[in-house]
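Taking it in order: structure first as structure tokens, then the write-up.
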Amino acid sequence: MRIVFSHIPKTAGTSLHRVFMNLLAGSDRTFKYFMRSDGVPPERFGTRTLPENWAFIGGHIQLRYLIDNENLDLNDPDTVLLSYVRDPVDRMISLYNFIRVKPRHRLHDEVNGMSAEDFLMSEPANAHMDFLTPEGARPECRVLLAAVDHLAETGAELASELMGREIGVEAFQKRHNEGRREEGVTPFTRADLSDAVLQKLKQRHAEDAALYQKLYEGGPMRSLP
């Protein structure tokens, strides 16, 4: 079994991939998380060589770019394509607050010069669907797509299968990058949005909101939306 993690930003993916990194540390199987700051923007993932005997690879990489890598077989029935979704407005607010307290983030200066509402309105519509929509044929590997609210149980399910032993949900209940505060920076919240802007955001990201609600209420999907 192998896991390919298409990490939509601010969907608790750092918490998840750190658990898998720790589980695989010291084993004969490889963990690799591709990052833009390491010179791997999503659109260049297709040119990357994958580590030998990898068990988990991931990054902020859309499915269409994952498919581009000829070294990655997404038709392999032993491969699981994994991703999580979140309420789209909450996700974008979290992203805004995260960038503001990360001076090394490539968008830090730009975002600090914007109002929260301007940032939210500038974000591309339906980022979840953009991440999860392939160009051309759909991959035939296994899929696990879940709401972040179900991360602990789905993460434990996959980790147990990958490691061949029981991994409890408690391993996935710690959250990284959550609730970080920096002196002088007041986090923006959903309650700070005007009703007019909130309604525009809901309309603009209606597909993402519907997908999240479906996964939140109905549990994980084993196929792409």
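The values are calculated or read from the model by the stated rules, or taken from the named source; none is laboratory data. All of these numbers come straight from a predicted model, not from anything done at the bench. FYI the Cβ positions are ideal-geometry reconstructions off the backbone, even for glycines, and counts take in every protein chain you see. To get the accessible areas, we keep the full protein, side chains included, count just its heavy atoms, and leave off ligands, DNA and RNA. Shrake-Rupley method; radii C 1.70, N 1.55, O 1.52, S 1.80 Å.
Here are some notes:
- Taken across the stretch 80-92, residues that are at pLDDT 95 or above, under 30 Å from R29 (Cα atoms) and among the acidic types (D, E) do not occur at all.
- Residues of the stretch 1-16 that are farther than 22 Å from I93 by Cβ and either free of Cβ contacts under 8 Å to residues at least 40 places away in the same chain or open to solvent by 10 Å² or more (accessible area, probe 1.4 Å) (or both): M1, R2.
- Complete set of residues in the stretch 19-49 that are open to solvent by 90 Å² or more (accessible area, probe 1.4 Å), within 19 Å of the chain's Cα centre (by Cα) and at pLDDT below 95: R36, S37, D38, E43, R44
- Among the candidates R138, R142, residue that is open to solvent by 40 Å² or more (accessible area, probe 1.4 Å) and modelled with pLDDT of 95 or more: R142
- Candidate set: the stretch 50-67, residues that are hydrophobic (A, V, I, L, M, F, W, C) and surrounded by fewer than 18 Cβ atoms within 10 Å (Cβ to Cβ); chosen: the one nearest to C141 (Cα to Cα): W54
- Residue match in the stretch 179-193 (condition: within 18 Å of the chain's Cα centre (by Cα) and either outside any loop (DSSP other than H, G, I, E, B) or surrounded by 14 or more Cβ atoms within 10 Å (Cβ to Cβ) (or both)): no
- Taken over the stretch 68-107, residues that are open to solvent by 10 Å² or more (accessible area, probe 1.4 Å) and aromatic (F, W, Y) amount to 2.
- Answer residue from the stretch 115-133, given it is without any contact (Cβ under 8 Å) to a residue 60 or more places away in the chain and small (G, A, S) and is farthest from L63 (Cα to Cα) among those: S115
- Restricted to the stretch 110-135, and to residues there that are charged (D, E, K, R) and closer than 18 Å to P9 by Cβ, the residue that is surrounded by the fewest Cβ atoms within 10 Å (Cβ to Cβ) is E110.
- Test: residue in the stretch 96-106 that is part of a helix (DSSP H, G or I) and either of a type in the set (D, E) or under 22 Å from R222 (Cβ atoms) (or both): no
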